[in-house]
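The values are calculated or read from the model by the stated rules, or taken from the named source; none is laboratory data. Values in this document were obtained by computation on a predicted structure and should not be read as measured data. All Cβ positions, even for glycine, are placed from backbone atoms using ideal geometry, and neighbour counts span all protein chains on display. What goes into the accessible areas is simple: the full protein's heavy atoms, side chains included, and nothing from ligands, DNA or RNA. Shrake-Rupley method; radii C 1.70, N 1.55, O 1.52, S 1.80 Å.
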Amino acid sequence: MTVLLAGGAGYIGSHTAVELLNAGHEVVIADDYSNSCPEAVNRIEELTGKKVVSYEADVKDAEAVRKIFAENKIDCVIHFAGLKAVGESVQQPVRYYRNNIDTTLTLLECMKEAGVHRFVFSSSATVYGEENKIPYVETMKRGSCSNPYGWTKVMMEEILEDAAKADPELTVVLLRYFNPIGAHESGRIGEDPQGIPNNLMPYIAQVAVGRRDHLTIFGDDYPTPDGTCRRDYIHVMDLADGHVRAVNYAKDAKGVTVFNLGTGTPYSVLDIVHTFEDANGIKIAYEMGPRRAGDLPEFWADSNKATQVLSWEAKRNLQDMCRDTWNWQKQNPNGYRQGLGEDK
Ligand code: NAD
Ligand code: UDP
């Protein structure tokens, strides 16, 4: 199949592109590079030895998206093109709603015009909100979110469900990611946040490489075994494999199907710090700080549905995730950018 990756130069999109190409699919990438850069596309080609058609395009822009559908025979769309920083979404809610929802609407409209019927969506564990019991299962109702980013995911899931209800030809796969970390084992592609990282693993990696002085752990008084929050971390290559299976599944599926993609095993912030130290032989300086607003104490996935329906399972463990993160970061101390000190 030919798969359009909206936001395909980003962290999860670039790893998925490699796995799709290795599985024999063709890949077209549309990205405005607002949180990535064209070098990621070069590296995808280098890793796979295959050509990727890429467009610098804002996926909110219907003219730009129409052109992509006119120039390529797309069989399936994966929509990664979202803004994703939780704190920023509280400061800039309108920008988040505009970008995340408009990209989805534009893709749906242009797909309909072009006769493309398969849509795989980057959703998130955040849609389970604050009310559901752990582990989270796909049959649970969506909950209420503590920030605009989370609400955009809830709203986009609802939009996609309504669109599929109205159009029996449309197939939608909602992939609810837990906490993706790690990098391609080559260290050629990885997570490259702009500015100060919001997420735990890129922050640890930047402390390890000397770009940050120390990690602040957001709270050690949670009702968890060591007092720090627990999450379900999943290797980005296992997540990428989940996308390949979702694309294959979408070929013959009907309606909307939801899959959790997590390992089902929670790890605390301190587990991550110590495993990173053990896996890589590096000390990570850290101090305890106050809780971060909106953080839940702990959650993890029940991913049995993905195992049963997609024959998917996470193969890589936490050591692998920490080793591969460091392999990427040490080879690319400033991510895809050259030179030091550009992003303080
Ligand atoms: P990322 O920022 O690395 O990738 C998103 C890509 O989309 C970037 O390359 C960015 O330049 C592009 N983009 C954003 N708006 C665009 C627009 N209007 N037009 C064209 N391109 C645009 O993020 P990621 O970690 O790869 O996440 C991909 C998706 O997965 C996002 O929708 C995110 O919300 C979702 N998700 C991520 C996580 C996570 O922890 N990384 C967890 C759950 C869900
Ligand atoms: N965290 C932390 N320090 C940081 C970044 C994150 O202690 O600098 C904690 C955060 O409180 C949460 C966990 O690490 O408990 C994972 O946070 P992240 O932002 O990576 O993912 P989230 O689960 O919030 O999407």
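Using 0.36 nm per residue of separation minus the Cα-Cα distance, give me the extension gain between GLU71 and ASN334 in nm, one decimal. Don't jump to the answer; show the numbers that get you there.
Working: separation 263, 0.36 × 263 = 94.68 nm, distance 3.49 nm.
Once the chain is fully extended between GLU71 and ASN334, it gains 91.2 nm.
Is region 18-121 rounded, prolate or oblate when judged by the Cα gyration tensor, a ≥ b ≥ c being the square roots of its eigenvalues, rounded requiring a/c under 1.5 and prolate requiring a/b larger than b/c?
oblate
At 1.4 Å probe size, with the rest of the protein present, what percent of the exposed accessible area of the chain is carbon and sulfur atoms?
Whole-percent figure for carbon plus sulfur exposure: 49.
When only C-alpha pairs under 8 Å and at least 6 residues apart count, what is the relative contact order of region 200-290, in percent?
46
Share of Cα-Cα pairs in the chain beyond 30 Å, in percent?
32
Can you list the residues, at least 5 places off or on another chain, whose amide H is less than 5 Å from the amide H of VAL173, using H built in the peptide plane?
Amide H neighbours of VAL173, under 5 Å, 5+ apart: PHE119, VAL120, PHE121, THR257.
Once the other residues with Cβ under 11 Å from the Cβ of GLY143 are scored (Lys, Arg +1; Asp, Glu -1), what is the net sum?
For residues surrounding GLY143, the net value is +1.
Roughly speaking, what is the centre-to-centre gap between region 170-223 and region 73-139 when only Cα atoms are used, to the nearest Å?
20
With the chain treated as a Gaussian network of Cα nodes joined by springs under 10 Å, which of ASN179, ASN198, ASN100 yields the largest mean-square fluctuation?
Top of the fluctuation ranking is ASN198.
Where both partners of a DSSP beta bridge lie in the chain, what percent of those bridges are antiparallel, to the nearest 5?
Beta bridges within the chain, antiparallel portion: roughly 5 percent.
What is the calculated FRET efficiency for LYS165 to ASP221, with r their C-beta to C-beta distance and R₀ = 41 Å, to the nearest 0.05? Before the final figure, lay out each step's value.
Numbers: r = 45 Å, r/R0 = 1.09.
FRET efficiency, LYS165 to ASP221: 0.35.
For region 41-61 and region 256-307, what is the centre-to-centre distance using only Cα atoms, to the nearest Å?
Between the Cα centre of region 41-61 and that of region 256-307, the gap is 30 Å.
Give me the distance in nm between label points sitting 7 Å out from Cα along the Cα-to-Cβ direction at LYS251 and GLU313, one decimal.
2.4
How many Å² of accessible area per residue for region 148-263, probe 1.4 Å?
The answer is 34 Å² per residue.
Give the relative contact order (percent, whole number) for the chain; include only Cα pairs under 8 Å separated by 6+ residues. Could you put the intermediate results ahead of the total?
Details: 695 pairs, mean separation 65.2, N = 344.
Relative contact order for the chain comes out at 19 percent.
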